[in-house]
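One structure below.
What follows is calculated from the coordinates using simple rules that are stated; it is not laboratory data. Computed from a predicted model, the values in this text were never measured in an experiment. For neighbour counting, all protein chains shown are included, and Cβ atoms are generated from backbone atoms with ideal geometry for every residue, glycine included.
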Amino acid sequence: MAGTEEAPWLHQHLAAGEELEPILATFPDDAPLRSAVARCRGLRLLRQEPWECLASFICSSTKQIVQIRQIVALLSERWGHSVAAPPEAVVNRAFPTAATLVSAGEGALRDCKLGFRAPYVLDAARRVVEGRLDLEALAHRDTPAAREALMEIHGVGRKIADCVLLFAYGRQDAFPIDVWVRRALSQLYFPRARRVSAAQLESFSESYFGPYSGYAQQYLFHYIRLEAGR
DNA sequence: CTCCAGGTTATAC
DNA sequence: GTATAACATGGA
């Protein structure tokens with residue numbers, strides 16, 4: 001997850017995070033983007049631990065953000081090892097390792113409200129444990145190759161792969177398109193179109209935002225959610 | 001009760 | 001290539 005918001009323990013990540021505002025200089029004439037940046041001051045990209053990031057986003061499909069947090073908290077409370085945390089922290093356990101989740105089994109994962117995502121998380125965990133997926137090695141591969149490797153996991157498509165690339169590996173050329181970003185792109189860049197296909201949005205983001213697409217995605221995501229909240 | 005949620009997959013034109 | 005249903009679960 002990335003954001004400007006709430007959890008106190010995020011502050012260290014935010015403080016250490018990269019300034020995203022160079023995007024302003026890259027797109028000086030993009031009114032929608034400038035507006036999004038203006039309303040989302042202080043936004044930073046997180047750099048999450050890859051396994052936690054991957055598993056969390058596999059849990060995210062067709063779930064509300066509040067529910068994703070709940071699932072991650074449940075998994076951590078049940079199987080995560082205890083870690084030092086400030087007293088106000090909601091959870092004081094780390095996210096469980098892949099090996100732990102493999103031994104927990106599918107039924108136990110379903111008990112944590114994963115539903116049909118349980119076998120997906122299990123497939124990812126098995127690949128990591130068995131060495132068929134080397135998360136550390138992904139850091140040394142280019143973005144398309146790393147994306148392809150992630151998408152071999154059952155339950156990981158383009159969107160989740162791009163989330164991991166962006167939030168765990170810092171690949172700023174990754175551009176996860178979820179329902180919110182689809183909404184933002186359609187509204188801001190294709191206002192006349194009745195319907196814009198996924199392939200169309202994908203090729204637009206690549207050619208238009210290029211190497212900064214990850215920055216842009218974060219601003220557009222938070223911007224459109226702020227809009228929706230009013 | 002119906003609709004939808006930081007999607008992906010299998011199946012069918 | 002594009003469209004649609006199914007997949008668990010719970011909040012709005």
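Descriptive notes on the structure:
- Residues that are among the hydroxyl-bearing types (Ser, Thr, Tyr) and over 26 Å from residue A:46 (Cβ atoms) within the stretch A:190-230 comprise A:197, A:203, A:207, listed in sequence order.
- Pairing each residue of the stretch A:84-110 that is over 20 Å from residue A:50 (Cβ atoms) with any residue that is of a type in the set (Phe, Trp, Tyr) and surrounded by fewer than 17 Cβ atoms within 10 Å (Cβ to Cβ), provided the two are 6+ apart or on different chains, yields C-beta distances under 8 Å for A:85/A:9; A:86/A:9; A:89/A:9.
- Within this structure, residue A:108 passes the test of being farther than 29 Å from residue A:221 by Cα, among the aliphatic types (A, V, I, L, M), within 12 Å of DNA strand C (Cβ to nearest atom) and not in a loop (DSSP other than H, G, I, E, B).
- Evaluation of residue A:45 against (1) more than 22 Å from residue A:157 (Cβ to Cβ); (2) touching an Asp or Glu at 6+ places or on another chain (Cβ under 7 Å) (one fails), failing number: (1)
- Of the residues making up the stretch A:31-62, those that are without any contact (Cβ under 8 Å) to a residue 24 or more places away in the chain and within 11 Å of DNA strand B (Cβ to nearest atom) number 1.
- Count of the stretch A:155-182 residues which are away from DNA strand C (no atom under 16 Å from the Cβ) and either part of a helix (DSSP H, G or I) or among the polar types (S, T, N, Q) (or both): 9
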